[in-house]
Amino acid sequence: PQSLMDFEAVQLFTARARQHQPRFGVTAENARAIITVCTLLDGIPLALELAAASLRQMSLQELAALLQRGGWLKHIASPARDLSARQRTIEGVIDWSYTLLTPPQQEFFCALGAFSGWFETESAAALCQTDPALTRQHIQALVNHSLLERQVVESQTAWRMLELIREYARARLS
């Protein structure tokens, strides 16, 4: 468990959890749940801070289980009054970026929620039934709004949504 403290995401989550539960620490009993939380939230600082604040309403194990089963966007929240309304929930943060997209870009974004993991531009074009040029424009808009990330593997570009963004896209799609 102590080696987990080498990871910045775990350090941040633990520090924020201590604000709500002063005796909170990494133990052999809770290490798996901490790994689950930090991994499923992709180490995103605001998401980790909101998740730690959620420990006021639920246990760490309940939080990890909620993240694993999905449908948690509205449940990860902070009651902090010094945060803007859009920063009090994960859903609010993503929703703010989503509303900056045009309606066709929003539709494209939601469709991409069907992908789990990395995908290529051609796969996105086939799924969304758009021509490659329009697909590239939509992908660029999503990257500009921090809704997609890029990776180059063997000279081939691939894209993915962070898991919490993907869950938001899937919820909007349905």
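Quick notes
- Choice from Asp95, Asp42, Asp131 showing the highest fluctuation, given a GNM over the chain with Cα pairs closer than 10 Å: Asp131
- For Ala171 and His20, a Förster radius of 22 Å and the Cβ-Cβ distance give a FRET efficiency of 0.25, rounded to the nearest 0.05.
- Our estimate of slack between Phe7 and Leu127, defined as 0.36 nm per intervening residue step minus the Cα-Cα distance, is 39.6 nm.
- Angle between the chain longest axis and helix 60-69 axis [Cα atoms, degrees, rounded to 10]: 20
- The angle between the Cα long axis of helix 90-99 and the main principal axis of the chain comes to about 20°, on a 0 to 90 degree scale.
- Per residue accessible area of the chain, 1.4 Å probe, in Å²: 56
- In the chain, the DSSP-assigned H stretches of four residues or longer account for a calculated mean residue ellipticity at 222 nm of -16500 deg cm²/dmol, using -39500 (n - 2.57) per stretch and the full residue count as denominator.
- Projecting label points 7 angstrom from Cα along Cα→Cβ for Arg69 and Arg56 puts them 2.4 nm apart.
The values are calculated or read from the model by the stated rules, or taken from the named source; none is laboratory data. Note that this is a predicted model, so its numbers are computed, not measured. As a convention, Cβ positions derive from the backbone with ideal geometry for all residues, glycine included, and neighbour counts pool all protein chains shown. Accessible surface areas use protein heavy atoms only, side chains included; no ligands, DNA or RNA. Shrake-Rupley method; radii C 1.70, N 1.55, O 1.52, S 1.80 Å.
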